[in-house]
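Read through the structure below, which is laid out as structure tokens, and then see the notes.
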């Protein structure tokens, strides 16, 4: 009987401890802004509530990106109290689908880190939709076929700015040190063409191989394009 009473006392005490402890509750943990005009700053307010029985302390709020800012109105909430967490997103310099998270650290013993998510699609302003660059690649793949090991083979890809604004190529990178890529022009006016010479070194290689070349530009629709070269290295 004494053991039973002791067990009930321990169980009741544990339950009471959970009841009086702080508990962070999010009335909403995700918000979709829909379309966001590039350059605009948008914001949304999340409501944080302490549904526990002890003081809730918000220790830190950490956005996943420098383009996002979040600040709670209060850092300490009494039992039953709520506060607003205003999350701002700056779309300047961004394009396309966006998804950012904000981590909320508190003294909630059961859930010390909560996460809220914002998302949306950054679109060009109406006045810019008719004036933007387009990186148009005439082909995106080339097969060198059978190549003797140790040979260096090359191929020249052609591209054009088929848009109505200046095209700027910001970076060209390869997936392997055995591949080199040289672009003829990194700035093209509308209608201008350029070339990208790709060299593949087959030294110490054997069998079928493929390598990629990534081109980054200010093409708002496709800011990153990938070329692929293939070879069957024979010894």
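The values are calculated or read from the model by the stated rules, or taken from the named source; none is laboratory data. Keep in mind the model is a prediction, meaning the values are calculated, not measured. Positions of Cβ are generated from backbone atoms using ideal geometry, with glycine treated the same way; all protein chains shown enter the neighbour counts.
Side notes on the structure shown:
- Selected residue (only one of 117, 164 is at negative phi and in a strand (DSSP E or B)): 117
- Whichever residue in the range 96-130 is surrounded by 17 or more Cβ atoms within 10 Å (Cβ to Cβ) and closer than 11 Å to residue 36 by Cβ and, among such residues, is modelled with the highest pLDDT: 118
- Number of the exception - residue 185 against (1) touching a strand residue (DSSP E or B) at 6+ places or on another chain (Cβ under 6 Å); (2) in a strand (DSSP E or B): (2)
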